[in-house]
1. If I take every Cα pair under 8 Å that is 6 or more residues apart in the chain, average their sequence separation and divide by the length, what percent do I get for the relative contact order?
2. Projected onto the charge dipole of the chain (+1 at Lys/Arg Cβ, -1 at Asp/Glu Cβ, origin at the Cα centre), which of Y240, F345, G184 gives the Cα projection farthest towards the positive end?
3. Based on C-alpha coordinates, I'd like the Rg and Dmax of segment 2-86, in Å.
4. Which lysines, if any, have their Cα less than 25 Å from the Cα of K101, not counting same-chain residues under 8 positions apart?
5. About the Cα centre, and with charges only on the beta carbon of Lys, Arg (+1) and Asp, Glu (-1), how big is the dipole of segment 314-446? Nearest 20 debye, please.
6. How tilted is helix 200-212 with respect to the longest principal axis of the chain? Cα atoms for both, answer in degrees (0 to 90, nearest 10).
7. On a 0 to 90° scale, report how tilted helix 116-127 is relative to the longest principal axis of the chain, with both axes built from alpha carbons and the result rounded to the nearest 10.
8. What number do you get for segment 303-447 when its Cα radius of gyration is normalised by 2.2 N^0.38 Å, N = residues?
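The numbers here are math on the coordinates, done by the rules we state, and not lab data. Predicted model only: the values in this text are computed from it and were never measured. Neighbour counts run over all protein chains shown; Cβ positions are idealised from the backbone, glycine included.
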Amino acid sequence: MRIQIAEPEAFTTLLIKQFGKSPASPITGISTDSRECQVGDLYIALKGERSDGHQFIQQAMENGAVACLADREVPVKNRTDLFVVESPLRTLGSLAKSYRKLFQIPVIGITGSNGKTSTKELLKHIFSTRENVHATTGNFNTSIGLPLTLFQISYDHSISIIEMGANQPGDIAYLCSIAVPTLGLITNITPAHLEGFGTIAEVAKTKGALFKSLTEGTAFVNNADDLIRELEVVGERISYGITPDCDFPADIHHEKNGSITVTIDTQEIATGSHNLSFIKNVIAASAVCIHLGIDWKTFETQVQSFLSPQGRCEVKQIDNITIIDDTYNANLTSTMAAIDYLKAFSGNGRRIFVFGDMFELGGESLSHHRKVGEHCSEMNLDAVFTIGDNTRETDNAIDSNIFHKHFASKGELVSELKEWIKEGDKLLVKGSRGMSMESILEDLEAN
């Protein structure tokens, strides 16, 4: 990971306060990867499961780094600044927290099991009509990525939208202590990353730390999610959801072509989307945007012009075949929603699902994969192609009246899929990030 510091002079001032001395050379960027270092960078030597960043300090310096944050002295040639601290990661977070406090702007923290990135991108798209928006890019939502994201805030920005990811208990509380959000949104709480949490109750507790951090801020509460509705809110509470009992009540209507019209607090928006997950993001965004002064007409226009991020229910055409690219990631809830999206898609043609393993589900993995197969049967899909270890369970759970087959390799899957698929078909491709399911689409597009 690497970023360019938006306000290098302000950052240098923080360094001087932290270490009692000025860096020998101006620091203009920060990198955690020695291979990505550029001239003027501060290299953060981090210890990972497989490697120790301290082994690459020399390489970082040779690539242009003018300073290094490390937990010990390291002999290197032509060494420049070496700041030795107990924990480079914690020091990075401390510097980021001090840097963030330089900016008196609204900071929206977003977490949840699904929909974080899509909701963030939607909010960014809407607020860009009147604000200079700073927002998380890519997967910079972790204990490493979030601090780097904060260093990209400039004095020109008027609002910040920060995505927060969690893989284990305590993650969100730590990220909130750094980002100091003034507003918070939890999209949903579902059985995702159970391998790191153990139970859904622990997931809720971890995500709920966002609301507990907003002592003087505003929490946007999804009243349609039982676990979120019960979370403790210490600041202002604004509720929304597909339920009448909230501040922003919403209702949805499926048009004849399969697209969804949503009514939010008596205001109707023809979204043009078939994706229920996206509609839920729209409802959440409405509460945030209207609360912060966006008018309904602007909100409606921006919702209708929004394009989903790559790999998140992105619809494209290949040789008159409709492709639903939902390859970014997968858990039980998002997969079920994607199958519903495939089934509800307008037009004739067969509904085909290509599914790869869902990771980080711990002891629930086989059960969740089995439920996906059962849902494929309930939705009466025309074909299901599976690949991976745990999707064998999915394949075994599918009714015999549906064509389904498990494959040992992507090559075999793509080869048979090309023979099977025809014009007019609707094809959904989904799996966890580690499965790289987008490579299947790349193979299809290449031929």
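1. Details: 975 pairs, mean separation 46.4, N = 447.
Relative contact order, the chain: 10 percent.
2. Of the options given, the answer is G184.
3. 11.9, 35
4. Straight-distance partners of K101: K17, K21, K116, K120, K124, K207, K212.
5. The calculated dipole for segment 314-446 is roughly 220 debye.
6. Tilt relative to the chain: about 50 degrees.
7. 80 degrees
8. Numbers: Rg = 14.0 Å, N = 145, 2.2 N^0.38 = 14.6 Å.
My calculation over the Cα atoms of segment 303-447 gives 0.96.
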